[in-house]
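Working notes, structure below.
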Amino acid sequence: MDKLRTLKNKANKLPGSPGVYIMKNVRGDIIYIGKAKNLKNRVTQYFGSGTNHSPKVRSMVLNVDDFEYIICDSEFEALILENSLIKQNQPKYNILLKDDKGYHYIKITNDKWRKIVTSKQLDKSGEFIGPYNSGYIVRETVDEVHKIFKLPNCNRSFDKPSKPCLNFHIGLCDAPCKAKASLEEYNKNIDAAIDFIKKGDMGSANIRLLTEQMNIAAENMEFETAAKLRDRINAIKKISEKQKVVMTTHKAQDVFACALVGEIACVSVLIFRSGRLTDKKHYFIEGVTEKQSIYSEFFGRYYSDINDIPARILVDCDFEEKELIEQWLSEAAEKNVNIIIPVKSEPKKLIDMCLNNAADNLTAKVERSGKEMSALNELGTILGLSSPPRYIEAYDISNTAGSENVAGMIVFKDARPQKNLYRKFKIKSFAGQDDFRSLAEVLERRLNEYKKGEDEAFSRLPDLILLDGGKGQISAVKPVIERLGYDIALFGMVKDSKHKTRAITDGKGEIVIKANRSVFTLVTAIQDEVHRYAISFHQKRRSKSMLNSEILKINGIGESKAKLLLKYFKTLKAIKSASVEELKKAPKISDKNAQDIYKFFNS
């Protein structure tokens, strides 16, 4: 409360001018950037009564240790500065849109039976068409050519006959798996599909050409060829009709709609260029309670990296600062940009279509995450926590009779592993086997890293720490957490005689979890994963140590040369099988060294 009072007093001294405010945490990290028409009025709202704040804002306020501000001449100038600062700093509590900006390609594999697939990487395994900026266009194109040319999209081998799948029976594939089609015929079909993609012609000219070819085939009594061309023409017509459904009278426009469930929103975007749908995207935003409040910040993030801003933008609801956003977009696009909330006709149909996309994507996410959040809610209740432990860290120790003593830290966020946040520790403070002291050292190092704030994995405190072990492990770690002044829930994961998860312990008694399937499944997954991670690190270290120890037996080879040898040859097997001449090519290996190494492994 003292901190909030101090911050509120500081906010009360702010000027009533337009500007940008910058919230920072105790380590000086920028955690939120906002703009205001009146700095004093806006910032003081954060540090008053929190009853009207959303959970996300309450969380942000609890983490604010100080704030700075920049005065601007106008609200419009503040908007531009805010967008620039957010782009530079990527603050945790701002809306940050993660979009796939990489290039996309259509790939023709170089297998014996070539296939046409989507790809995001260029390599030597095939021919590539592209690049394309839109993954949607690539997926649609590949899907279209599969339907038009009845190409297989399975991984079967076509050298031996097999029973065709459902796609053959519903007329979507010619089923080369039946082994009736020759490789030559198949390749002609693939070549025609590639030519179709490169020309990009879905119009009447292509249909006329195919019709002429069909008529010639029929006159020559090549009825099978004529039938294939007929089917190809019909497929093109169907796809063309499908595309007409999403054709618009306005050549260029973006359509936005937002679906909201609880505190999770999905904003879908339909992008129309040259009168047709060219791309669609969706973004999930958490910690929001009303969709009208999303758009003011959303548009700033979305259009900050886009050069192709259309003159017409459709949105499913009105929102605050719409005129200000219009002014900013018009200046950025160097033309008048209008944000429209349609109520009828074609624009309203586009909004409805976009809203359906948003609802479908959100439903899939909520259904998937609903089960996980339910497990976290139940885990929190079982452990007596005030709220579900959405951010969990787990630790395990691994060694062999005290040698190569290491620890693994894994992170589960919203019941899902976050492998980019996993971290490994080598025990440094002592030698030998002592799991209790090892865990105490690791947790102290981890919490000290939090104060530094230099590593993303240590930049926040967990809601729950789980240790692989029981009373002894908790007794070793709890004093460390308390001494450093943190209040973090701490429990141990207990295994049975078969090394399977049995219960959770607080150090005083065991909490049976087998009766609750979702909690038991989650805790078992965490315990298995942290054990796997720690032991794999230990095995890697032990294996490397054993390799080094064998090489170190060779006369004239010390640690430095042993490391260089392993780095150059990658494996001990490669060193053993190398000739004297090959060994001499390794860094810092003399003629005599090479002779000694060869004799050691080949005597």
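Have a look at N167, I313, L355 and report the one farthest towards the positive end of the charge dipole of the chain, computed about the Cα centre with Cβ charges (Lys/Arg +1, Asp/Glu -1).
The Cα lying farthest towards the positive end belongs to N167.
Percent of alpha carbon pairs in the stretch 474-580 separated by more than 19 Å?
64 percent
Quote the relative contact order of the chain in percent (integer), defining contacts as alpha-carbon pairs under 8 Å separated by 6+ residues.
7 percent
Reported to two decimal places, what Rg/Rh ratio describes the stretch 391-543 when computed on Cα atoms with Rh from the Kirkwood expression?
0.94
Specify the inter-centroid distance of the stretch 20-60 and the stretch 264-324, based on alpha-carbon positions, in whole Å.
Between the Cα centres of the stretch 20-60 and the stretch 264-324 lies a distance of 24 Å.
Suppose every K and R has +1 on its Cβ and every D and E has -1 on its Cβ; what is the size of the dipole of the stretch 552-602 about the Cα centre, in Debye to the nearest 20?
With only Lys, Arg, Asp and Glu charged at Cβ, the dipole is about 180 debye.
Through the Karplus equation 6.51 cos²θ - 1.76 cosθ + 1.60, θ set to phi - 60°, convert the phi angles of the stretch 479-495 into ³J(HN,Hα) values in whole Hz; use x for Gly and Pro.
Ordered by residue, 3J(HN,Hα) equals x, 5, 4, 5, 4, 7, x, 10, 10, 10, 4, 10, 9, x, 9, 9, 9 Hz.
Apply the Debye scattering formula to the stretch 2-89, with a single equal point scatterer on each alpha-carbon and no solvent, then give log10 I(q)/I(0) at q = 0.12 Å⁻¹.
These q points yield log10 I(q)/I(0) values of -0.33.
Using θ = phi - 60° and the Karplus curve 6.51 cos²θ - 1.76 cosθ + 1.60, what whole-Hz ³J(HN,Hα) does each residue of the stretch 80-97 get, with Gly and Pro shown as x?
Residue by residue, the stretch 80-97 yields 5, 5, 4, 4, 5, 5, 5, 4, 6, 9, 6, x, 4, 9, 7, 6, 10, 8 Hz.
Near K585, which lysines are there with a Cα under 27 Å away, not counting those fewer than 8 places off in the same chain?
Cross-link targets: K540, K544, K553, K561, K563, K567, K570, K573, K576, K599.
So if a site counts as exposed when it's one of the GluC sites (Glu not before Pro), its DSSP state isn't H, G, I, E or B, and it has at most 16 other Cβ atoms within 10 Å, what's the longest stretch of the chain without one?
My reading of the result: 1-221 is the longest stretch.
Given the DSSP H assignment, sum -39500 (n - 2.57) over each helix run of at least 4 residues in the chain and divide by its residue total; what's the result at 222 nm in deg cm²/dmol, nearest 500?
Computed mean residue ellipticity for the chain: -15000 deg cm²/dmol.
About its Cα centre, how strong a charge dipole does the stretch 411-495 have in debye, to the nearest 20, once Lys and Arg get +1 and Asp and Glu get -1 at the Cβ?
Computed charge dipole of the stretch 411-495: roughly 200 debye.
Over the stretch 61-166, one equal point on each Cα, no solvent: what is log10 I(q)/I(0) by the Debye formula at q = 0.16, 0.21, 0.23, 0.24 Å⁻¹?
So the normalised log intensities are -0.84, -1.16, -1.27, -1.32.
If every alpha-carbon in the stretch 552-602 counts as one equal scatterer, what log10 I(q)/I(0) does Debye give at q = 0.28, 0.29 1/Å?
For the stretch 552-602, the Cα-only Debye profile gives -1.22, -1.34.
Just need the Rg to Rh number for the chain, please, alpha carbons only, Kirkwood Rh.
1.05
Are there trypsin sites (Lys or Arg not before Pro) in the stretch 104-194 that DSSP marks as loop and that have at most 11 other Cβ atoms within 10 Å, and which are they?
K112, K124, K180
Please report the antiparallel percentage of DSSP beta bridges with both residues in the chain, rounded to the nearest 5.
In the chain, approximately 80 percent of DSSP beta bridges are antiparallel ones.
Using the crude model of +1 on Lys and Arg Cβ and -1 on Asp and Glu Cβ, and no other charge, please compute the dipole size for the chain relative to its Cα centre, in debye to 20.
Once rounded to the nearest 20, the dipole reads 1900 debye.
Read-outs throughout are calculated quantities, based only on the coordinates presented, and are distinct from any laboratory measurement. Fair warning: this is a prediction, and the values are worked out from it, not measured in the lab. Note that each Cβ is placed from the backbone with ideal geometry, even for glycine, and that neighbours are counted across all protein chains shown.
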